[in-house]
1. Hey, Ala270 hits all of (1) open to solvent by 70 Å² or more (accessible area, probe 1.4 Å); (2) under 28 Å from Glu160 (Cβ atoms) but one; which does it fall short on?
2. Counting just the residues of region 161-181 that are at pLDDT below 85 and touching a helix residue (DSSP H, G or I) at 6+ places or on another chain (Cβ under 8 Å), which one comes out surrounded by the fewest Cβ atoms within 10 Å (Cβ to Cβ)?
3. Taking the condition under 21 Å from Glu159 (Cα atoms), more than 15 Å from the chain's Cα centre (by Cα) and among the polar types (S, T, N, Q), does Thr204 pass?
4. What number goes with the only condition from (1) in contact (Cβ under 8 Å) with a residue 40 or more places away in the chain; (2) surrounded by fewer than 18 Cβ atoms within 10 Å (Cβ to Cβ); (3) polar (S, T, N, Q) that Ser252 does not pass?
5. What do you reckon, is Pro234 under 24 Å from Ala77 (Cβ atoms) and surrounded by fewer than 20 Cβ atoms within 10 Å (Cβ to Cβ)?
6. Determine if region 42-59 includes at least one residue that is open to solvent by less than 60 Å² (accessible area, probe 1.4 Å), of a type outside the set (Asp, Glu), under 15 Å from Ser107 (Cβ atoms) and at pLDDT 85 or above.
7. Name the residues in region 246-255 that are within 19 Å of Ala56 (Cα to Cα) and either within 16 Å of the chain's Cα centre (by Cα) or outside any helix (DSSP H, G or I) (or both), would you?
8. Could you pull out the residue among Ala128, Ala112, Ala121, Ala68 that is open to solvent by less than 20 Å² (accessible area, probe 1.4 Å) and at pLDDT below 95?
Amino acid sequence: MSAPWKDVVLENVPTGPVAARIYNGDGLKKAAPLVLYLHGGAFLDTDHATNRPVAASLAEAGAIVVAADYTSCNQNAFPKVLECAYGLLAYLSNKRNMLALGGAKKSLLFVAGEESGGNVAAGVALKARDQMPGSLDGQVLISPLLDPFMGSKSFLQAEESGMRERWTEGWNRYLGFLGGVCHPYAAPRYCSRLSGLAPALVLTAEDDPLRDESMEYGSRLKAAGVRVRQQVLPAGTGWPTLYGGQSKDKPSWQQDICCCFKGFVEDVQA
């Protein structure tokens, strides 16, 4: 699965110009959904030019996906990385009826990310609720890396997927010595006020070490009155390869993400 893309520079972003790769799916409608996509990489990946299969999957669902370089200028450290991502969301929200992306004023606006990008997407959704209420139509959290203590039962599988050391190093990079773990935007799993957030799509898989923290966060969102669509995909799709992990199975998860996102957009539009 692939979608056509082009590389651009987004000017006038609050934190400064940002390079981005824009994916456009086939058969885009005039008011196609606009997605700010935040790549994963365990808070360590800063290569924005890498091909992004998750972004392509969202585009194949009929969206315009802006895969922005939100990490290379800030070394993936909180709070600067979140400020850059939030600035990008504010930029897209203000310009969605003017951007030459096929979007329109009534286009739905989403923030999406997998793994560490899912954590930042969740933090951006919290900040958008607090500072830009009503601007965000949905958040797409795909195996979000939410627990800096890495203490869930499913996380025991992290060794098998070869991700334990990488995630440990990544959390240390992201939080540093700023006590960021105490800030809800840095570790949304520990946020005590989740009401009023944009609807959420939470995706994980049975063989995902991040399954438990993903599902727990989705359940907490539901309990807070947030509209949530959750799904645990079966093992065997090579799911850990989505964020660079090892799997004995051939990756086949792109179509699942495409279909789940389509259903989520329909839910939000209903």
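1. (2)
2. Val181
3. no
4. (1)
5. No, not satisfied.
6. Yes, region 42-59 has at least one match.
7. Lys250, Pro251, Ser252, Trp253, Gln254
8. Going through Ala128, Ala112, Ala121, Ala68 in turn, just one is open to solvent by less than 20 Å² (accessible area, probe 1.4 Å) and at pLDDT below 95: Ala68.
The values are calculated or read from the model by the stated rules, or taken from the named source; none is laboratory data. Given the structure is predicted, the values throughout are model-derived calculations rather than measurements. We place every Cβ from the backbone using ideal geometry, glycine too, and count neighbours over all the protein chains shown. The area values use the complete protein model at the heavy-atom level, side chains included, leaving out ligands, DNA and RNA. Shrake-Rupley method; radii C 1.70, N 1.55, O 1.52, S 1.80 Å.
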